[in-house]
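One structure is given here, and the rest of the page talks about it.
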Amino acid sequence: LLLRWRRRRALWRKVAEAQERQERSLVRMEAAVQRFREQHPSVSAASIVSLPLPELAKKLQDGSLPPDHVFYAYVGKALQLATETNCITEFLQESENQVRKAKLVEKQGLLYGVPVSIKDSIDCQGHDSTLGFIKNLNKPAAEDSVVVQVLKRQGAIPFVKTNVPQSLISYDCKNLIFGQTRNPLLYTRTPGGSSGGEGALVGGGGSILGIGTDVGGSLRFPAAFCGICAIKPTGKRLSKRGIMAGVAGQKAVAAAVGPLAKDVESLALCLRALLSEDMFSLDSTVPPLPFNEEVYSSTKPLRIGYYETDFFTMPSPAMRRAVRQTKQLLEEAGHTLVPFELTNVDYVIFNYCVRGMFADGGSSFVKKFKGEMEKGGTGMFFWLAKAPQWLKTLLSWTSKPFVPRLSSIIRSMKENTVDEVWSLHQEIEDFCHQFIAQWKKLNLDVMLCPMLGPALGIGYPAKLSVAVSYTMLYNALDFPAGVVPVTLVTDEDEEQLKGYKGYYQDWWDRTLAKAFRGGVGMPVAVQCVALPWQEELCLRFMKEVETL
């Protein structure tokens, strides 16, 4: 007991030190902004942060806006957001030197002088990538991740790191070190996760461009919940070197790195900058596919598949309305909309996603929590992963008649043999080809799909791991998928929610109905999907939806 007590004290000391560092970061930001304002009292920060990224980048390039004016305007706004939502874990102090150098060098790169926020799990030299784990504190990265290196070569200035949920396997945003991040639009709601700090910071206007990752919706949840745009590219379109994964090594569910921003044009500018020669030379495993301008700027009418539900997670009234209204507007604009029938999503979620990510019975996931003081945010996955196989079998068997979804999850978390894992990978590959065949039979260009919304109350995602079905499908398929906010929850939506039952009418469905409540005025997005490697077409479709 004494040893345990001493160990816990040592852990709490590490947490306290990290929190002090976070506090010092904010104090430094405040001092830097104060200094700048005293030296440049006439600079209007509000007019700078109101500029869209393409316009801001142009003004930085032509010299009509100096990089330090832009930088300190955003540091000031980010500081305000950090105080309100607790989204920033660290100020990258070297960014001030970068700004000073930027004034002296030739204006190079598509993102010259643009301040960029970076998710905690993406390596920045000299800074921790914690994933919300105490054991990862005081282990600064030896070098920048490839994505950060490319951003810098394109003239961007990474200036803060942002908060994540412990382990990243959650769509809330809380850990024991830095605490809970709140939604900037409504503080009682989650900003989404696992790129939740990014969602809150970009959504609140404290960063004009953020970089996050996505293995089940981790870019799309924060964007949808905070009323902004994001794109999850095909897994290998952008380099993941120097990026920490939630479940390292698993290949069943494709992770991706991508941008979050207020509008689609900003996402396109970011991908233009990232898909450069620098990316391909720094990581030769990334296919050398530069940004296809022709596809992105095309105006030819699209043939669009759509569905209102996946028959696994019943959409909220606002989600259904978002798809219907978007479909109608697209048809009026001259596009062709074709119903797409989704089948067996329950099988995909349990057998491909859950079983794929926890194919070792969850043992590598459990190992990450060894020596940690909190196991929160991951819901039941941690406890199921810890349970012995006989208990999992017993629980799965006894719960099947009463809670079939729980039974399926428990069954999916058994330890697999190598042979079974290979068979699973083969099955996922076959499913992907079948999905593409159905897509091509309908001669589709892109797909319009629901996106979970509005933002759930803080703490609900841990109880509702099953609600990731709309997003995780496209990680299993490894298709590019983006989100665009299209509407706000109305009083009528809220009224209709009283009749929400769900497809299974189990504890999860009842909990989700509660989690949706009280969201009047909150944004609701749709998902825009394209075939693998068609990020430009996906963005083109997102732009169309945004414009309409």
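The values are calculated or read from the model by the stated rules, or taken from the named source; none is laboratory data. Since the model is a prediction, treat every value here as computed from it, not as a measurement. With ideal geometry, Cβ positions are generated from the backbone for all residues, glycine too; neighbour counts draw on all protein chains shown. Side chains are part of the model used for accessible areas, which takes the heavy atoms of the whole protein and leaves out ligands, DNA and RNA. Shrake-Rupley method; radii C 1.70, N 1.55, O 1.52, S 1.80 Å.
For the reader, a short list of remarks on this structure follows.
- Long-range neighbours under 6 Å by Cβ, at least six apart or interchain, first residue closer than 15 Å to ASP68 by Cα within segment 39-53, second part of a loop (DSSP other than H, G, I, E, B): VAL49/GLY205
- Per-region count, segment 341-357, residues open to solvent by less than 10 Å² (accessible area, probe 1.4 Å) and of a type outside the set (Val, Ile, Thr): 2
- Scanning segment 166-183 for residues that are closer than 17 Å to LEU219 by Cα and open to solvent by 30 Å² or more (accessible area, probe 1.4 Å) turns up at least one hit.
- Number of the condition not met by GLY132 [criteria: (1) open to solvent by 10 Å² or more (accessible area, probe 1.4 Å); (2) part of a loop (DSSP other than H, G, I, E, B); (3) not aliphatic (A, V, I, L, M)]: (1)
- Filtered by the rule that a residue be open to solvent by 10 Å² or more (accessible area, probe 1.4 Å), modelled with pLDDT of 95 or more and closer than 25 Å to GLU143 by Cα, segment 246-268 gives ALA254, ALA255.
- Restricted to helices (runs of 4 or more DSSP H) entirely inside segment 483-548, those with at least 3 residues that are out of contact with any helix residue (DSSP H, G or I) (no Cβ under 7 Å at 6 or more places or on another chain) and either at pLDDT below 95 or not acidic (Asp, Glu) (or both) are 507-516, 535-547.
- Exclusive hit being closer than 15 Å to SER469 by Cα and buried (at least 18 other Cβ atoms within 10 Å of the Cβ), set THR313, THR326: THR313
- Given (1) more than 20 Å from VAL43 (Cα to Cα); (2) under 24 Å from the mean Cα position of the chain (by Cα); (3) of a type in the set (A, V, I, L, M, F, W, C), number of the condition ALA142 does not satisfy: (2)
- Cβ-Cβ contacts under 8 Å between residues 6 or more apart (or on different chains), taken from a first residue in segment 420-435 that is more than 14 Å from LEU531 (Cα to Cα) to a second residue that is at pLDDT below 95 and surrounded by fewer than 16 Cβ atoms within 10 Å (Cβ to Cβ), are listed as HIS425/LYS251.
- Condition met for LYS440 (closer than 30 Å to VAL264 by Cα, surrounded by fewer than 21 Cβ atoms within 10 Å (Cβ to Cβ) and assigned by the TED database to the domain that holds LEU302): yes
- Residue list for segment 269-278, filter: aliphatic (A, V, I, L, M) and part of a helix (DSSP H, G or I): LEU269, LEU271, ALA273, LEU274
- Evaluated against (1) farther than 30 Å from LYS14 by Cα; (2) open to solvent by 60 Å² or more (accessible area, probe 1.4 Å); (3) at pLDDT 95 or above, GLN389 falls short on exactly one condition, (3).
- You will find that of SER25, SER42, the residue that is over 25 Å from the mean Cα position of the chain (by Cα) and not in a strand (DSSP E or B) is SER42 and no other.
- Any hit, segment 102-113, residues being under 24 Å from the mean Cα position of the chain (by Cα) and surrounded by 14 or more Cβ atoms within 10 Å (Cβ to Cβ): yes
- Residue check for ILE436: among the β-branched types (Val, Ile, Thr) and under 20 Å from ALA359 (Cβ atoms): no
- Matching entry among THR309, THR336, THR313 (being touching a helix residue (DSSP H, G or I) at 6+ places or on another chain (Cβ under 6 Å), β-branched (Val, Ile, Thr) and in the same structural domain as GLY519 (by the TED database)): THR313
- Consider segment 279-303 and keep the residues that are assigned to a helix (DSSP H, G or I) and open to solvent by less than 40 Å² (accessible area, probe 1.4 Å). The one that is farthest from GLY235 (Cα to Cα) is TYR296.
- Which listed residue, of ASP445, ASP491, is open to solvent by 10 Å² or more (accessible area, probe 1.4 Å), closer than 30 Å to VAL286 by Cβ and over 20 Å from the mean Cα position of the chain (by Cα): ASP445
- Hits in segment 458-479 (condition: more than 17 Å from ALA256 (Cβ to Cβ), touching a strand residue (DSSP E or B) at 6+ places or on another chain (Cβ under 9 Å) and either open to solvent by less than 10 Å² (accessible area, probe 1.4 Å) or not assigned by the TED database to the domain that holds ALA318 (or both)): none
- All positions within segment 400-428 that are among the β-branched types (Val, Ile, Thr) and under 28 Å from the mean Cα position of the chain (by Cα): ILE409, ILE410, VAL421, ILE428
- In segment 358-375, residue surrounded by the fewest Cβ atoms within 10 Å (Cβ to Cβ) [restricted to those that are of a type outside the set (D, E, K, R) and in contact with a Ser or Thr (Cβ under 9 Å, 6 or more places away or on another chain)]: PHE369
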